[in-house]
1. Which of these, Thr177, Thr36, Thr119, has the largest mean-square fluctuation under a Gaussian network model of the chain (Cα springs below 10 Å)?
2. By the scheme Lys and Arg +1, Asp and Glu -1, what is the net charge of all other residues having a beta-carbon under 9 Å from that of Asp55?
3. Add +1 for every Lys or Arg and -1 for every Asp or Glu among the other residues with Cβ under 12 Å from the Cβ of Gln182, and state the total.
4. Based on the Kirkwood radius over alpha-carbon pairs, what is the Stokes-Einstein translational diffusion coefficient of region 84-205 at 10 °C with 1.306 mPa s viscosity, in µm²/s?
5. Grab the eigenvalues of the alpha-carbon gyration tensor for the chain, scale each by 5, take roots, and send me the semi-axes largest first in whole angstrom.
6. Residue farthest toward the positive end of the dipole of the chain, with Cβ of Lys/Arg at +1 and Asp/Glu at -1: which of Thr43, Ile134, Ser144?
7. Taking region 129-205, which GluC sites (Glu not before Pro) meet the DSSP loop condition and have no more than 13 other C-beta atoms within 10 Å?
8. Would you kindly work out the equivalent ellipsoid of region 37-147 from its C-alpha gyration tensor and give its semi-axes, the square roots of five times the eigenvalues, largest first in whole Å?
Amino acid sequence: MRSTCIKIAIQKSGRLNQPSVSFLDSLGLQFGVESTSLIQMSTNFDLSVVLVRDDDIPVLVSRGIVDFGIVGQNILLEENTEAKTLMPLGFGKCTLTIAAPKTSSIKNSKDLEGLRIATAYPRLLRKYLKKNNINATIIEIAGSAEIAPELNFADAICDLVQTGKTLKDHDLFPIATVMDSQAVLIESPFQKEKKKEFLELIKNI
Ligand code: PRT
Ligand code: ZN
């Protein structure tokens, strides 16, 4: 791979992988026969796609290790990096939501005062609690926050919701919205002559 080659990081597997690939297809970018390499070179453009965990994308982009990335706004804002948002992509839509057990006395965000909230998004939740003047304990968990109230290590959760099915399955109901999210195209803060060619491509969509 040439050092001047444009690099764009997308999720290796998971919810954003297929729509990200479709977005690159829609730009007219072509790739060779399927390979298991985590770096895929385009056959018709001086560009490589780098396949990584979504959580690593903001840092890779902000450090200029890759030039562009596709990631959910929820991850981008949680990571709080220098990466710049170029455009929303209209997929991966979800809402970072605080939810509580249906049977509990927690009915709105004020009822969270003094309680424990499990989340994989501590920074975003902290910001929300501060803004709303609520003192609560944040319990960090990498995933599956929905199980926390049932296992009694938190009173409420803060997690992404799309259809609401997962909340229902765990007898939880939404009480507050922290943020709406969707996938965005992000750009590194470093200027590179080569980036212009890719920016020209996305201008036409
Ligand atoms: O392996 P890697 O770290 O790359 O992937 P990941 O497991 O961290 O992420 P992944 O693939 O689950 O999600 C990638 C991105 O998709 C997220 O960061 C969001 O930007 C976006 N997205 C959109 C969602 C959802 N919708 C979503 N519903 N991410 C996760 N969920 C989960 C949620 O956490 C909960 O467990 O789905 C469940 C709720 O869904 P519903 O439909 O039951 O409400
Ligand atoms: Zn992840």
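No lab work stands behind these numbers, since they all come straight from the coordinates. Just so it is clear, the structure is predicted and the values come from calculations on it, not from any experiment. Positions of Cβ are backbone-derived with ideal geometry, glycine not excepted, and every protein chain shown enters the neighbour counts.
1. Of Thr177, Thr36, Thr119, the most mobile in the Gaussian network model is Thr36.
2. Values: positive: Arg53; negative: Asp54, Asp56, Glu78, Glu79.
For residues surrounding Asp55, the net value is -3.
3. On the way: positive: Arg15, Lys93; negative: Asp180.
Net of charged neighbours comes to +1.
4. 99 µm²/s
5. Numbers: eigenvalues 283, 56, 36 Å².
Output for the chain: semi-axes of 38, 17, 13 Å.
6. Ile134
7. Values: sites: Glu140, Glu146, Glu150, Glu187, Glu193, Glu197, Glu200; in loops: Glu150, Glu193.
Listed in order of number, the matching sites are Glu150, Glu193.
8. Details: eigenvalues 252, 40, 29 Å².
Semi-axes from the Cα gyration tensor: 36, 14, 12 Å.
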